[in-house]
Amino acid sequence: MRGSLAGNDLQELQPALEKVPGRSGHTPAGTRSAKKAAQEDPQRDRGFKPMKTTSVGRKRKYGNKKIHDLKSGQVFDSKKEYSRWKELVLLEKAGEITKLQRQVPFVLIPEQRLPGTETYKRGPRKGQTKPGPVIERKLTYIADFMYEKAGKVVVEDSKGMRTKDYVIKRKLMLYKYGIRIRET
């Protein structure tokens, strides 16, 4: 039979599979060890799993673990953010909040450029001055969640650790947009 492997053929291929990058320790889905791994992993049935990090054995700076929601395919930066997202989705379904969004960017300081000296010679911008080179990139705050509650915009951030950068961005959000960030 073409395309199928007998048990002995699979055992012969196992050493070759272990040499393939990213395949070490791979067990076929029907083997006993794969089933045992599924029983030992209680998070597998809850619909989320910690994401694999690119650097093996290295912990993240603040100890959080990325969560991959299997149902929606979304990636969350921490368990805390994921659980808050589930709460907000329920509140939206109940009608208490509206327009729920994730990872909303706010430009706090626009990019800084040198004045341009050249002009466009063709196209719709013909005769206009070209922008100069960027000397400072824009400063952006990315909110974890944004929604409306009772007609007011609420920006929310799931914080485990308040960094100096976050505190500055929080103050700039209040100064520029008049929005106080709700920390959960």
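Values in this text are rule-based calculations from the coordinates and carry no lab data. These numbers were taken from a predicted model, which means no experiment stands behind them. Counting neighbours? That spans all protein chains shown, and the Cβs are built from the backbone with ideal geometry, glycine included.
Close amide H pairs (under 5 Å, H built 1.01 Å from N) link Gln74 with Asp69, residues at least 5 positions away or on another chain.
Applying a threshold of 18 Å to the alpha-carbon distances of Lys66/Lys99; Lys80/Lys159; Lys79/Lys159; Lys65/Lys171 flags Lys66/Lys99; Lys65/Lys171 as lying beyond it. Rounded to 0.05, the FRET efficiency of the Leu70 and Arg162 pair, given R0 = 45 Å and the Cβ-Cβ distance, is 0.90. For a paramagnetic label modelled at 7 Å from the Cα of Arg182 toward its Cβ, which residues of segment 87-110 fall within the zone defined by backbone nitrogen distances under 16 Å? Only 87-104 pass the distance filter. Along the axis of the charge dipole computed for segment 78-183 (Cβ charges of +1 for Lys and Arg, -1 for Asp and Glu, origin at the Cα centre), the listed residues Gly116, Ser83, Ser158 are led at the positive end by Gly116.
Computed with the Debye formula from one identical point scatterer per Cα of segment 78-183, without solvent, the log10 of I(q)/I(0) at q = 0.14, 0.22, 0.23 Å⁻¹ comes to -0.69, -1.17, -1.24. Model label sites at Val104 and Thr117, defined 7 Å from Cα along the beta-carbon direction, differ in position by 4.3 nm.
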